[in-house]
Amino acid sequence: MDVKETKYLFEGLSSTLGGLYGELYETLVAKGKKRMGQEDVADSPQVSELIKRTREKQTMADLISKGQKGQEELIASIGGEVKKILSSAGIVTRADLARIERRIDEIERALEKGE
């Protein structure tokens, strides 16, 4: 795990547990009332159902995360290929022009000092 992703980990953990906490609390209270003979009429999801939904949410989050990483890798790969094609075709890039401009500036300064 990358240290830079720690804040995202805690944010995801917070949002997942925050939503689960309220549902879990209500479910456990309803189960406790049922066991003690003070059943509540309101239907509340079972703990196993909550766990199942939480896993589904995590699975979707994992899929989305993997998709985003895959997209980033694809874009980086395409960018690398484009750079290779441009360099082999002899096309001048902005970086090439910037490097030439810096070199010209250095030469001009050197000439001015020499005069």
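Read-outs throughout are calculated quantities, based only on the coordinates presented, and are distinct from any laboratory measurement. Everything numeric in this text was worked out from a predicted model, so none of it was measured. All Cβ positions, even for glycine, are placed from backbone atoms using ideal geometry, and neighbour counts span all protein chains on display.
Within a Cβ distance under 13 Å of Leu97, other residues only, what is the Lys/Arg minus Asp/Glu net charge? Show your work: numbers first, answer last.
Values: positive: Arg94, Arg99, Arg102, Arg103; negative: Asp96, Glu101, Asp105.
For residues surrounding Leu97, the net value is +1.
So how far apart, in nm, are the two label points at Met36 and Arg109 if each is 7 Å from Cα heading toward Cβ?
Using points 7 Å along Cα→Cβ, the separation is 8.0 nm.
When the Debye formula is applied to the Cα atoms of the range 76-115, each taken as the same point scatterer, what base-10 log of I(q)/I(0) results at q = 0.25, 0.26, 0.27 Å⁻¹?
-0.80, -0.83, -0.86
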